[in-house]
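Asks: Before I ask anything, let me first share the structure, which is written out below as C-alpha cells.
Bear in mind that the values in this text are calculations on the coordinates, not laboratory data. Computed from a predicted model, the values in this text were never measured in an experiment.
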Amino acid sequence: DEQWFSSHPTPAGLQMAERFADAQVFAVTARTPAILTTAMTGFFPREHDAAWTWRWMGTDASWTIVNTRAQPVTATLNIELSAFRRARRLEVLLDGRSVSGVANVENSVDNVEPARRIYQIGPVTMVPGAHELIFHPADAPTVPGDATNGGDERPLSFALGTWNWDVPDATNRGTQP
C-alpha cells in the first residue's frame, strides 16, 4: 500500500506523522464518526491501480459497524462498487434483516454494474452499539481463471472501493468519514 499513499493525496482525516525508508505512519485527525466500521470479513486483501483501490469479495462478506452515538441514528451508506464481469444483484442485511435495495445514485438501477460507481444502501436506523452488515451476492461468484484463463482461482462477485455514511441530524450535518 506504500506505493498508493506515495502517489496520492493523504486521505481526509489522516495526517502524516512520520516517514521512514520503508514505512509511513499516519495520525488520525478526524473526530469519531457516528458510524464506524470496526471489522471486515470475507474480503480479499486490498488491491490498487493508478486510479483507485478496492477489495474483492466472493460469497458472503460482512462488516461490523458501530453506532458510536448515545441515541439511534438513521444513515445511508454511500459505497463505491463494481461487479465482476457482468451486472449482479447485491443483497444487504443489517443484523439479519434485509435492507432496502442497492441503488445506483446516477440512475437508480438495482443491479451493480461492472463499471465502478457510487451506490446508496439504506437509509437504515441503528441503535447504539455494534451491528453486523452482510453483503450477499444473489448469484454465484465467478472464478476469473474460468472466464479468462488468467490463473486467478478466487471466486469474485463485487469490488468495494471507498465508502462513507451520510448521517444527517441536528448536531452533525453531512457525510461522515
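Asks: Quote to one decimal, in nm, the extra length available between E18 and I118 on full extension: 0.36 nm per residue of separation minus the C-alpha distance between them.
Replies: 32.7 nm
Asks: Here is a follow-up. Can you work out the Karplus-derived ³J(HN,Hα) for every residue in the stretch 79-85? Use 6.51 cos²θ - 1.76 cosθ + 1.60 with θ = phi - 60°, whole Hz, and x for glycine or proline.
Replies: 9, 7, 10, 8, 7, 7, 6
Asks: Under the Karplus relation 6.51 cos²θ - 1.76 cosθ + 1.60, θ = phi - 60°, what is the ordered set of whole-Hz ³J(HN,Hα) values for the stretch 24-37, x standing for Gly and Pro?
Replies: 10, 10, 10, 9, 7, 10, 6, 6, 4, x, 5, 10, 10, 8
Asks: Would you pull out the residues with amide H under 5 Å of F26's amide H, same chain only if 5 or more places away, H placed 1.01 Å from N?
Replies: So F26 has HN proximity to A17.
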